[in-house]
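Novice: Sharing a structure, written as structure tokens. Questions coming.
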Amino acid sequence: MAATTARRIFALGGGGFSMEPENTALDDYLLALAPVPRPRVCFVPTASGDAPGYIETFEQSFPAERADASVLRLFAREHEDLRSFLLDQHVIYVGGGSTANLLAVWRVHGLPEILAEAADHGTVLAGISAGMNCWFQASVTDSFGPALAPLHDGLGFLEGSACPHFDGEEHRAATLHRLVAEGFPPGYAADDGCGLLFEDGKLVEAVSSRPEAGGYRVELTADGVVQHPLPVRYLGRD
């Protein structure tokens, strides 16, 4: 693939094919970021342990007329040359599940370096939930048990912290606010149905699949923790 100067990452707080199967707005937006009408899209379900049902849902949601879809399984690895396989993709779409487990498995297989190279050569990196968290330096996760907890060793492709499912799961907002007040890196939160597009580490657009879905910048100021709503472009029709 041709090199590009912009490293693009599309981070979904929730939504997409696994949460909104009847609403394709966010996935359509993601596919439109690719340079061809029928892009090569690789689903990476590591965070769910390569769950068969999750893979089946992806394959049903990205039929041949929509994309040239493939799956990267790491628990029953099928590709010997991961670098060539991933650098050939237009979009790499990371599924939800355990952020901590995802990062551990990826590091064993050398994926962080390959993904960085792919992004630098024009592949769009994307993901939902754990697939949002992984790109940031830190995140709010349920990887360590039922209670939400901080994770500090993300890939760091994006600075600061991430918090998906901001409106969709109880205690998400309160946990992020508390952590930031205690010194956790400031960062971005996204409701279910909201996606954040970054280019070269900078937020360029927030979009949503439903009118009420929001995105936020959360940071510590002299007045305490402040949650700044982001301008969000609704992708649907009222």
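Novice: Distance between the C-alpha centers of the stretch 183-233 and the stretch 9-31? Whole Å please.
Specialist: Going from one Cα centre to the other spans 17 Å.
Novice: With a cut-off of 8 Å between alpha carbons and a minimum separation of six or more residues, what is the relative contact order of the chain in percent?
Specialist: 23 percent
Novice: Please compute P(r) over all alpha-carbon pairs of the stretch 8-234, binned at 10 Å starting from zero, and give each bin as a whole-number percent.
Specialist: Per 10 Å bin, starting at zero, the Cα-Cα P(r) for the stretch 8-234 comes out as 8, 37, 38, 15, 2, 0 percent.
Novice: Per residue, how much accessible area does the stretch 8-234 have with a 1.4 Å probe, in Å²?
Specialist: Value for the stretch 8-234: 40 Å² per residue.
Novice: If you count, for each residue, the other Cβ atoms within 10 Å and average over each peptide, how do 221-229, 81-89 line up from highest to lowest?
Specialist: 81-89, 221-229
Novice: How much of the DSSP beta bridge set in the stretch 8-234 is antiparallel, as a percent to the nearest 5?
Specialist: 50 percent
Novice: Can you tell me the alpha carbon radius of gyration of the stretch 26-99 divided by the globular rule-of-thumb value 2.2 N^0.38 Å?
Specialist: 1.07
Novice: Just from its helices, what would the mean residue ellipticity at 222 nm be for the chain, if runs of 4 or more DSSP H residues each count -39500 (n - 2.57) and the sum is divided by every residue, rounded to the nearest 500 deg cm²/dmol?
Specialist: -7000 deg cm²/dmol
Novice: Also: Mind checking the dipole of the chain: about its Cα centre, +1 per Lys or Arg Cβ, -1 per Asp or Glu Cβ, Debye to the nearest 20?
Specialist: For this selection, approximately 260 debye.
Novice: Using the alpha-carbon centroid of each, what span in Å lies between the stretch 48-68 and the stretch 118-167?
Specialist: Each part reduced to its Cα centre gives a spacing of 21 Å.
Novice: On the protein heavy atoms, probe 1.4 angstrom, tell me the percent of accessible surface of the stretch 74-163 carried by carbon and sulfur.
Specialist: 51 percent
Novice: Set the Förster distance to 45 Å, then compute FRET efficiency between residue 170 and residue 204 from the Cβ-Cβ distance, nearest 0.05.
Specialist: It comes to 0.90.
Novice: Grab the other residues whose beta carbon is less than 13 angstrom from that of residue 62, score K and R as +1, D and E as -1, and report the net.
Specialist: Value of the local net charge: -3.
The values are calculated or read from the model by the stated rules, or taken from the named source; none is laboratory data. What you see is a predicted model, and the numbers here were worked out from it, not measured in a lab. Cβ sites come from the backbone with ideal geometry, for glycine too, and all protein chains shown count toward neighbours. When the accessible area is computed, the model is the full protein with side chains, heavy atoms only, and any ligands, DNA or RNA have been set aside. Shrake-Rupley method; radii C 1.70, N 1.55, O 1.52, S 1.80 Å.
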